[in-house]
C-alpha cells in the first residue's frame, strides 16, 4: 500500500480517530488544532502534531500544506472556522479536501468553496473514512470494537477464478468471509467451493491487524 501525506485539522473525537488510524496504516500524518492540550494528547500517535490557528493563511502556508495529498477538516462547533480552513487549504493547493459538516446548509457551503467530499460524523465513522482513503479496494469498513471489524473489499485480480478453498483466506489472513455480493445477489455464508468472479464484493470479518494485511495484499 502506497503511503500518502495527510493533514488533519481539528482534533475532536472524529478528527483524532481519523488521524490515528491513518498513521497506524503507515501514512504520514500532520495533526493540527488550536488547543495545545489535545495536540499533546495525539502527538505520540501521529507523525507531527502542531498547535496552530487553521484560519490563519500564513500559519498554514508555513506548515507546507501544498505538499500534502489530502486534508481533512474536522473542526468542531465553529462553522466559520471550518469554512475558512477548508477554503484556505484548497487555495494552498492540497489535492483532495474532505470537510466535516454539521448540517445540510453547512455542507452546501463547503462544497461551493471547493471541498471534494463532505462527511457527517453521525453517518461516517472516522475509522471508516480513513480506511476508504487508504485503499481503492476497500468499499466499507465498520469497526465493531478496537480489535474486531467488518470490511467490504472488491475481489482483486489475484482472487478471480479461484475458490474460497483455493484462496484459504481464513488460514492465510485469519478472517472469515461472511458473504459475497454479486450484482444484486448476496450469497450469505458461501461454501468453500464457491468461485470468485470479477466484480464480486467480499464481506469479511476479522481482527483489525488481519484486515490490515488484506488491505496491503490488495494494493
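The values are calculated or read from the model by the stated rules, or taken from the named source; none is laboratory data. Model, not experiment: these values are computed from the prediction. Reconstructed Cβ throughout: ideal geometry from the backbone, glycine too, with neighbour counts over all protein chains shown.
A few points about this structure:
- The condition of being part of a loop (DSSP other than H, G, I, E, B), within 30 Å of residue 155 (Cβ to Cβ) and modelled with pLDDT under 95 holds for only one of 128, 123, that being 123.
- Count of the stretch 151-172 residues which are under 28 Å from the mean Cα position of the chain (by Cα) and loosely packed, with under 13 Cβ neighbours inside 10 Å: 5
- Residue 115 in contact (Cβ under 8 Å) with a residue 24 or more places away in the chain, on the phi < 0 side of the Ramachandran plot, in a loop (DSSP other than H, G, I, E, B) and assigned by the TED database to the domain that holds residue 67: yes
- Candidate set from the stretch 16-36 (those that are in contact with a helix residue (DSSP H, G or I) (Cβ under 6 Å, 6 or more places away or on another chain) and modelled with pLDDT of 95 or more); member that is farthest from residue 47 (Cα to Cα): 33
- Residues that are within 21 Å of residue 19 (Cβ to Cβ) and in contact with a strand residue (DSSP E or B) (Cβ under 8 Å, 6 or more places away or on another chain) within the stretch 145-186 comprise 147, 149, 151, listed in sequence order.
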